[in-house]
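Derivation of every value follows stated rules applied to the coordinates shown; laboratory data play no part. Source: prediction; values computed, not measured. Cβ sites come from the backbone with ideal geometry, for glycine too, and all protein chains shown count toward neighbours.
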Amino acid sequence: MIRPSENNITVVILKQGGFRILSVDPRGSLYVPFRVCLHDDGGPGGASISYDRPSAFLGALGHPELSEIGVLLDGKIDDVAHALCTA
């Protein structure tokens with residue numbers, strides 16, 4: 001359980017996808033792994049989850065293949081966030 005006013009930052013490691021990203025553009029190492037933050041201010045709404053959408057930072061590198069990977073990762077992290085919020 002997250003305590004009031006507590007933040008937990010998790011690093012998401014993309015073992016297979018990470019190697020693929022780095023093989024296309026080494027600058028991808030700036031964005032892989034990416035972070036997810038769970039935070040709770042103690043209010044009645046419970047905890048929140050925050051994360052950067054992988055497509056936003058991978059797309060900025062200017063490679064169509066990385067944009068595709070980013071969109072795929074967006075769907076995966078969105079599914080996890082949705083599962084956490086509806087559990």
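The length gained on full extension between Ser23 and Cys85, counted as 0.36 nm times the residue separation minus their Cα-Cα distance, comes to 18.9 nm.
How charged is the neighbourhood of Pro26? Take every other residue with its Cβ under 15 Å from the Cβ of Pro26, and add Lys/Arg as +1 and Asp/Glu as -1. Don't jump to the answer; show the numbers that get you there.
Values: positive: Arg20, Arg27; negative: Asp25, Glu65.
Local charge sum for Pro26: 0.
Contact order normalised by length for region 6-86, with contacts defined as Cα pairs under 8 Å and 6 or more residues apart; what percent is it? Walk me through the numbers before you get to the answer.
Working: 93 pairs, mean separation 20.5, N = 81.
With pairs under 8 Å counted, the relative contact order is 25 percent.
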